[in-house]
Amino acid sequence: MRGYCGKILEVDLTNKTCREYKIKDEVYENLLSGASLGAWWCSRRIPAGADPLGPENVLCITSGTLTSTGSVITGRWMAVTKSPATGGIGEANCGGTFAPYIKACGYDLIAFVGKSETPVYLYCDNNGPVIKDASHIWGKDTAVAEQMLIDENTVEGKKKPAACVIGPGGEKLSWMAGICNDNGRIAARQGVGAVMGSKMLKGIVLAGTKSVSGYNPAEIKKYSKISASRINAVMLPPEVPAGLLHLGKILPELQMSPDGIFTAVLMGTWGTGGASSFAAQTGEAPIKNWGGSQKEDFSAWKCNKVDGSQMLRLQTNRYYCYSCVYGCGGEIDISKIKHNDQGYKKVHKPEYESQWDFTGFLLNTDNDAMLFINEYCNRMGIDTISTGGAVGMAIEAYENGLLSKEDFGGLEMTWGNADSIIKFVKMIANREGIGDTFADGCKKATEILGPEFGKYGVQGGGTEPPMHDSRPDPQQALHYAFDATPSRHTSGGSLYYGCMHLWKKVSWAPPAVLIGSKEGEWKNYDEESLKVLANQYYKRLADAAGGCYFGFITGVANYPLFEWLSAATGWDRTPDDWMVVGHRITTMRQLFNIKHGIDPWSFRPHGRMIGEPPLKVGKVAGKTVPIDPMLRAAWKNAGWNEETGVPTQETIEKLGLDRLLNAPLEEFVYG
Ligand code: SF4
């Protein structure tokens, strides 16, 4: 085997039929599998103009080429579809233990088309797929529904199945809804859970046991050993005081990008949440719905009060996703926190995004409220980033007199009001009262409420941005605008690029400035855009492989993605060759958006994300990102029209996309 199964399962939920497609090697040679196979299948199967919540949309659930081959930190699964939030290609990925089960059933990808009349779930094992009734779990929260599906499909003496599910958020078609597995891990972004809900598909239960291998298992193992030993060598013992983390604040002051391996020190010890105080004090973390600053609104004292490292006092154990040697996750016991009216006990600790979204971003200093909201959103199956953005918009609308206490059903929607924030999150998740207006995100809420609300509805291309301020990092801003799935922090940024050290293996990737002023970096649009393209193409490869972002930002020496891919597929390719695959995938995703009527300029970020106008105080004061010339430079260097963002015919043909996207499907399938 070459890391992939060579098969796609398509489930038609209207007609309750399943069909297996054997896919020719040509597709994998050009695109690998994982998210890119999902984008290809969506490109091939979703007609232009299809309603994202209609039966014509296709939801792809997929795992990567490297998953289950013996490589490490490569166990993510991906959901790919047409997004209701952006109108273009939608994508979200997730860790936990679910990914290997897709390939263990014999498939690289399971696609869902059509729409069931009643709630159903898919069960699949070595004997093939069965569509089953899910009426009894419709309405249940994600943790309960997942456990029920696992329990009722567990056969004594056999391996336990794995499941992913939507929560009430997905059932209610919230454009913020995601898909959950492993008791609260979530593929959260761009409304992939709403698409699943629109098909009345509550869950997917996988119980296959088929084995998967790469072309050269010994070579894969060799690189896995190197990766694991390097990462484990820098892990700190658990008794290291959280306060040590604050030393990290010195690095940006010294204008230094750390070697990527240091991200393993940070994340392995404290998890992503450990970065919040650091992020706030360096200007990385947006404050007060992107309108405030630490200087005026959220002092260092308040930051320290809600720093993510505080939650470690509740941590009972570290958590590792499938094939991870890193373990940035952790389980915490929140049974005794305030606000816990749902009786939650042992849960996943919040990631940095959720942690900051519900503290500094909303000027909230009540950590317990944040912990409760994080778990509540996971149980309802909605994205914490988008929910936090919607709450920020609602608070500003209230504070500025556009919405009243009556509009919020009696809630005083003031900054930092933990009780009101919790109640409003519940209204969003349940589509109650004005919560219904915000349940599809800031862009939709602005369309409903009126253009005067747009100032407070911070989004780019229909996606609420994460907790990474792009004003001090124009690379980040360019990723937000350039990516076909806009406003996602997992696309890249200068900090990440500095950690990856791609220039050591990719001939055309410009080196990052590691020490010294970075001011000059973003004035050279051409060079800066090449860094963003290198980061984008590499990320596409990682998503095709099933790689985890926190693995590959340890740097190419510590996370040998290129070498693993060559060993798994048996194809003798250089890093430059692999980056052509990344370019192809990036261009294919852009073509999906063009086909569905997206103007690439419409992904230009909200003014607040790019300093239009600039803030007057704080770390990002006076900064405006020259996004337009940067975007043009990126499009030009990607071989796309620099004025429109549409890939040129020459680029399409050079990358072989004219054939991959337009030749009859029969030419790519057999059997
Ligand atoms: S680094 Fe964290 S998110 Fe990534 S695979 Fe490991 S535990 Fe999961």
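Read the figures in this text as sums done on the coordinates, not as results from a lab. Not measured: the values here are computed from a predicted model. All Cβ positions, glycine included, derive from the backbone under ideal geometry; neighbour counts span all protein chains shown.
Strictly greater than 21 Å: what percent of every Cα pair in the range 272-453 meets that?
On the way: 7903 of 16471 pairs.
In whole percent, the share of Cα-Cα pairs in the range 272-453 beyond 21 Å is 48.
For a quick size check, give me the Cα extents of the range 131-232 along its three principal axes, largest first, whole Å.
For the range 131-232, the Cα spread along each principal axis is 47, 36, 25 Å.
Please tell me the relative contact order of the chain in percent, rounded to the nearest whole number, where contacts are Cα pairs under 8 Å and at least six residues apart.
Details: 1602 pairs, mean separation 111.5, N = 671.
Relative contact order for the chain comes out at 17 percent.
Determine the dipole magnitude for the range 366-463: charges of +1 sit on the beta-carbon of Lys and Arg, -1 on that of Asp and Glu, nothing else is charged, the reference point is the Cα centre, and the result goes in debye to the nearest 20.
Values: 8 positive and 15 negative charges, 49 e Å.
Charge dipole, the range 366-463, about its Cα centre: 240 debye, nearest 20.
Of 157, 422, 28, whose Cα points farthest to the positive end of the dipole of the chain (charges on the beta-carbon: +1 Lys, Arg; -1 Asp, Glu; origin at the Cα centre)?
Result: 157.
Could you bin all the Cα-Cα distances of the range 7-206 into 5 Å bins starting at 0 and give me the percent of pairs in each, rounded to whole numbers?
1, 8, 18, 22, 23, 16, 8, 3, 0, 0
Could you list 488, 19, 76, 431 so that the one with the fewest beta carbons within 10 Å of its beta carbon is first and the one with the most is last? Don't skip to the answer; put the middle values down first.
Details: 488 22, 19 12, 76 30, 431 18.
Least crowded to most crowded, the residues run 19, 431, 488, 76.
If you take the C-alpha gyration tensor of the range 474-663, multiply each eigenvalue by 5 and take the square root, what semi-axes do you get, largest first, in whole Å? Display every interim value, and only then the final one.
Details: eigenvalues 143, 98, 36 Å².
Over the Cα atoms of the range 474-663, the semi-axes work out to 27, 22, 13 Å.
To make sure I understand, if each residue's beta carbon is the centre and we count other beta carbons within 10 Å, what order do 278, 453 fall in, fewest to most?
Details: 278 25, 453 21.
Ordered by Cβ neighbours within 10 Å, fewest first: 453, 278.
What FRET efficiency comes out for the pair residue 576/residue 259, r = Cβ-Cβ distance, R0 = 30 Å, nearest 0.05? Please list the in-between numbers first.
On the way: r = 23 Å, r/R0 = 0.77.
E between residue 576 and residue 259, to the nearest 0.05, is 0.85.
Return the lysines within reach of residue 158: Cα separation strictly under 18 angstrom, same-chain partners fewer than 8 residues apart disregarded; answer none if there are no such residues.
The reachable lysines, counting only those whose Cα sits under 18 Å from residue 158, are 103, 210.
Relative contact order of the range 7-206: what whole-number percent is it, with Cα pairs under 8 angstrom and at least 6 residues apart? Display every interim value, and only then the final one.
Working: 506 pairs, mean separation 45.1, N = 200.
Once divided by the residue count of the range 7-206, the mean separation gives 23 percent.
Which of the aspartates and glutamates could a cross-linker bridge to residue 202, judged by Cα under 12 Å and excluding same-chain residues fewer than eight apart?
Counting by Cα, and skipping residues close in sequence, residue 202 has these aspartates and glutamates nearby: 133, 141, 146, 171.
Determine the dipole magnitude for the chain: charges of +1 sit on the beta-carbon of Lys and Arg, -1 on that of Asp and Glu, nothing else is charged, the reference point is the Cα centre, and the result goes in debye to the nearest 20. Let's see the in-between values first.
Values: 69 positive and 73 negative charges, 239 e Å.
With only Lys, Arg, Asp and Glu charged at Cβ, the dipole is about 1140 debye.
Return the distance in nm (one decimal) between the two label points of a simple spin-label model at residue 232 and residue 15, each offset 7 Å from Cα along Cα→Cβ.
Result: 5.2 nm between the two label points.
Based on Cβ point charges of +1 for Lys and Arg and -1 for Asp and Glu, what charge dipole magnitude is obtained for the range 474-663 about its Cα centre, in debye rounded to the nearest 20?
Approximately 520 debye in magnitude.
How large is the Kirkwood hydrodynamic radius of the chain, in angstrom, based on all distinct alpha carbon pairs?
In the chain this quantity evaluates to 24.6 Å.
Per 0.36 nm of contour for each residue apart, how much would the distance between residue 617 and residue 430 grow if the chain were fully extended, relative to their Cα-Cα spacing?
Numbers: separation 187, 0.36 × 187 = 67.32 nm, distance 3.78 nm.
The span from residue 617 to residue 430 would gain 63.5 nm if fully extended.
State the extension gain, in nm to one decimal, for the chain segment bounded by residue 557 and residue 650, taking 0.36 nm per residue of separation less the distance between their alpha-carbons.
30.1 nm
What is the fewest-to-most order of 508, 175, 41 by other Cβ atoms lying within 10 Å of their Cβ?
Working: 508 12, 175 28, 41 24.
Listed from fewest to most nearby Cβ atoms, that is 508, 41, 175.
Using just the C-alpha positions of the range 553-671 as equal point scatterers, what log10 of I(q)/I(0) does the Debye formula give at each q in 0.21 1/Å?
The computed values of log10 I(q)/I(0) come out as -1.15.
Just want the answer: with Cβ charges of +1 for Lys and Arg and -1 for Asp and Glu, which residue in 476, 566, 646 is farthest toward the dipole's positive end in the chain?
Comparing the listed Cα positions along the dipole, 566 ranks first.
Tell me, in nm to one decimal, what length is gained between residue 126 and residue 218 on full extension, where the rule is 0.36 nm per residue of separation less the Cα-Cα distance?
On the way: separation 92, 0.36 × 92 = 33.12 nm, distance 2.70 nm.
Between residue 126 and residue 218, full extension yields 30.4 nm more.
Just want to confirm a number: the relative contact order over the range 533-671, from Cα pairs under 8 angstrom separated by 6+ residues, in percent.
This gives 19 percent for the range 533-671.
What FRET efficiency, computed as 1/(1 + (r/R0)^6) with R0 = 41 Å and r the Cβ-Cβ distance, is obtained for residue 669 and residue 447, rounded to the nearest 0.05? Before the final figure, lay out each step's value.
Values: r = 40 Å, r/R0 = 0.98.
Computed FRET efficiency for residue 669 and residue 447 comes out at 0.55.
Quote the FRET efficiency, to the nearest 0.05, computed for residue 338 versus residue 305 with a Förster distance R0 of 25 Å and r equal to the Cβ-Cβ distance. Walk me through the numbers on the way to the answer.
Values: r = 15 Å, r/R0 = 0.59.
Calculated transfer efficiency: 0.95.
What whole-number distance in Å separates the alpha-carbon centres of the range 407-474 and the range 87-139?
After rounding, the separation between the Cα centres reads 30 Å.
Between 350, 551, 292, whose Cα lies farthest towards the positive end of the dipole of the chain when Lys and Arg beta carbons carry +1 and Asp and Glu beta carbons carry -1, centred on the Cα centre?
551
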